[in-house]
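Structure record follows, encoded as structure tokens.
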Amino acid sequence: MTDPVFPAALKNVRPLRGANVIAVASGKGGVGKTWFSITLSHALTKAGMNTLLFDGDLGLANVDIQLGFSPKNDLGAVINGEVTLAKAAQRFPDTGFDIIAGRSGSGTLAQLPSQRLSGLRNDLLELAKSYDRVVMDMGAGVDRTVRTLSGPAGTTLVVTTDEPTSLTDAYAFIKLTHATNPWADLRIVVNMAQSVKDGERTYGTILKACQNFLKYKPALAGIIRRDLKVRDAIRNQTPLLTRSPSSDAARDVEAIVQRLLASAK
């Protein structure tokens, strides 16, 4: 893995942090980030946490599509001034967590001016005080929207697979985030691993790159094994923990939640 080049003029500023906010990010699409965000939120709720899932992919929102959920209001209504962020939060009855849905297929939301984007972030941090945990499903990549919204997160889970492009892009996300905020708590989630050993090898690859180039060691949040039950749940627009609660992937996500909660004590 080669070291991607980024602009050197980055300020190491520690932003306002939301200790109970978990950002789910990835360097590229197609790694199962949205599915993981949904399942993570469900597992947190099952663990007794009052949880909010925020669809932060302002360009290609799809949490509602994966769940077959038709929200009364979405993030577009918030940005248009029709409702407050709190009013846009709706309970998903099958899981018990709240959702603030994005506006699917509306790339215009990704073009928000910096001031309005910062305002949205601050409103979310204020709303987060009403929840035990807030999970933000971020867009793929390292663009301005992702950096602004995920910056204050207490923990950022970077989802990757064993594909070389996924690893390279995950490393690029870690590099830029760590350079911008050296205090960021970045942890790796290896998704769709053929086995635990394969997942450990994948983590070892990205860890070695971070150690060699960044002198930084992101922790391993967990490994999720490849599981056909995941595809089945997505096709049926049903949460995995509802449809196949004893599946390998379901147990792996619940193990990640237990580690997250244990580290927060």
Residue among 56, 68 that is small (Gly, Ala, Ser) and over 14 Å from the mean Cα position of the chain (by Cα) = 68
Odd one out for residue 114 among (1) loosely packed, with under 14 Cβ neighbours inside 10 Å; (2) at pLDDT 95 or above = (2)
Residue 90: surrounded by fewer than 21 Cβ atoms within 10 Å (Cβ to Cβ) and at pLDDT below 85, yes or no?
-> no
Hey, among 215, 208, which residue is at positive phi and basic (Lys, Arg)?
-> 215
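Looking for whichever is in contact with a Phe, Trp or Tyr (Cβ under 6 Å, 6 or more places away or on another chain), in contact (Cβ under 8 Å) with a residue 12 or more places away in the chain and over 17 Å from residue 40 (Cβ atoms) here; the options are 142, 146. Which one fits? Working first, answer last.
Working: 146 fails: in contact with a Phe, Trp or Tyr (Cβ under 6 Å, 6 or more places away or on another chain).
Only one candidate qualifies: 142.
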How many of the residues making up the stretch 136-153 are under 12 Å from the mean Cα position of the chain (by Cα) and either hydroxyl-bearing (Ser, Thr, Tyr) or open to solvent by less than 20 Å² (accessible area, probe 1.4 Å) (or both)?
-> 9
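Please count how many residues of the stretch 164-176 are open to solvent by 30 Å² or more (accessible area, probe 1.4 Å) and either without any contact (Cβ under 8 Å) to a residue 24 or more places away in the chain or among the polar types (S, T, N, Q) (or both).
2
So is residue 77 crowded, with 22+ Cβ neighbours inside 10 Å and either touching an Asp or Glu at 6+ places or on another chain (Cβ under 7 Å) or of a type outside the set (D, E, K, R) (or both) or not?
Numbers: crowded, with 22+ Cβ neighbours inside 10 Å: no; either touching an Asp or Glu at 6+ places or on another chain (Cβ under 7 Å) or of a type outside the set (D, E, K, R) (or both): yes.
Spelling it out, it is not the case that residue 77 is crowded, with 22+ Cβ neighbours inside 10 Å and either touching an Asp or Glu at 6+ places or on another chain (Cβ under 7 Å) or of a type outside the set (D, E, K, R) (or both).
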Can you tell me which residue within the stretch 32-53, out of those that are open to solvent by less than 10 Å² (accessible area, probe 1.4 Å) and of a type in the set (Ser, Thr, Tyr), is farthest from the chain's Cα centre (by Cα)?
-> 51
For the stretch 120-135, what are the residues that are farther than 19 Å from residue 83 by Cβ and either touching a Pro at 6+ places or on another chain (Cβ under 6 Å) or surrounded by 17 or more Cβ atoms within 10 Å (Cβ to Cβ) (or both)?
-> 133, 135
Take the residues in the stretch 54-68 that are open to solvent by 10 Å² or more (accessible area, probe 1.4 Å) and among the acidic types (Asp, Glu), then tell me which one is nearest to residue 151 (Cα to Cα).
-> 57
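Got a sec? Which of 157, 186, 241, 214 is in contact with a Pro (Cβ under 6 Å, 6 or more places away or on another chain) and aliphatic (A, V, I, L, M)?
Values: 157 fails: in contact with a Pro (Cβ under 6 Å, 6 or more places away or on another chain); 241 fails: in contact with a Pro (Cβ under 6 Å, 6 or more places away or on another chain); 214 fails: in contact with a Pro (Cβ under 6 Å, 6 or more places away or on another chain).
Only one candidate qualifies: 186.
The values are calculated or read from the model by the stated rules, or taken from the named source; none is laboratory data. As the structure is a computational prediction, the values presented were derived from the model and not from experiment. Virtual Cβ from ideal backbone geometry, glycine too; neighbours counted across all protein chains shown. Only protein heavy atoms, including side chains, enter the accessible area calculation; ligands, DNA and RNA are left aside. Shrake-Rupley method; radii C 1.70, N 1.55, O 1.52, S 1.80 Å.
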